[in-house]
1. Check segment 126-148 and report whether any residue there is modelled with pLDDT under 95, surrounded by fewer than 15 Cβ atoms within 10 Å (Cβ to Cβ) and among the hydrophobic types (A, V, I, L, M, F, W, C).
2. Can you pull out every residue in segment 87-103 that is within 13 Å of D205 (Cβ to Cβ) and surrounded by fewer than 23 Cβ atoms within 10 Å (Cβ to Cβ)?
3. Please pick out the residue among N86, N104, N54 that is farther than 30 Å from S152 by Cβ, assigned to a loop (DSSP other than H, G, I, E, B) and modelled with pLDDT of 85 or more.
4. Would you check if there is a residue in segment 223-234 being of a type outside the set (V, I, T), in contact with an Asp or Glu (Cβ under 6 Å, 6 or more places away or on another chain), modelled with pLDDT of 95 or more and farther than 18 Å from G115 by Cα?
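The values are calculated or read from the model by the stated rules, or taken from the named source; none is laboratory data. From a predicted model like this one, the values you see are computed outputs, not experimental measurements. Glycine also receives a Cβ, built like all others from the backbone with ideal geometry; neighbour counts cover every protein chain displayed.
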Amino acid sequence: MRFGTWRHFVRPYSVNHVQTGIVTAALRLRMNIASIVNRLVPQRSQSASRSAPNRARRLSRDEWKHVLLSFSQFGEDLAVLRHFENRIGYFVDVGAHHPIRFSNTYLLYRRGWSGINVDANPDALELFRKKRPRDLSIHAAISDKIEQVEFSLYAESALSRIEVKSGPASVGNATMPEPVKKIVLTTTTLEKLLSANLPPGKKIDFLNVDCEGHDLPVLASNDWSRFRPEVVAVEDWEMGESSAIDRFLAGNGYALAFLQKPAKLFVRATTELSANNLLDKQLPI
């Protein structure tokens, strides 16, 4: 059988035909990919999408009027600020950890307060000096006796501590992660540190102690006849109606005024922290 020339069986294609074919193939490929993705990734229905709360929604102007901002872990800074109302005072923060994160004193700092920050982590103090220039920041480990101790530094810096080997705070030792490193420090007492660094004539309005289970030795190292803050904040991991910290501070003339376990606020017996102060007043930030 004899075939004709190529013109008889090859269909002529113009440039437009070629372009149209390419576009059509690309669209089909795109549709195929889209169908594969839709099968692999679960899609929410429109009704579910409409009913789901918008978690990323910003606060409205009306909401901002009524919100209370706290930098503390358990809201202690709001209670302290309400107690002192519009007074500008002076604080001492032992186990200060971070100038902003989990801080019981940063809200006060924003309101014009200043004070002394103490921490055994040298890296933390550099951040304090940068973020809180009005404060005096001191690298020290505080305890009730002068001795060499190992201070463990963890990747989660809020866990860094002098190891507590007994008592309620030692219960979680077995589940603690491995420290990034350990440093050896010679402790000092709170009395010695305040005697050397408290400005002349300056009284302490607020003492904050957060030393990861080492709070009682820090409190015991103070001279309570000389340095008597108006309000004392601690973390107390001992459960029950009367802990060792409760008894120690009661013996030095302080009464429990705020409890949000494990956070506690104690007020000097000559002052009063009323329920009205705690609950009724809106504070400008």
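1. No - not one qualifying residue is present in segment 126-148.
2. Step one: list which residues in segment 87-103 are within 13 Å of D205 (Cβ to Cβ), which gives 87-93.
Result: R87, I88, G89, Y90.
3. None of the other options fit; the residue is N86.
4. Taking every residue of segment 223-234 in turn, at least one turns out to be of a type outside the set (V, I, T), in contact with an Asp or Glu (Cβ under 6 Å, 6 or more places away or on another chain), modelled with pLDDT of 95 or more and farther than 18 Å from G115 by Cα.
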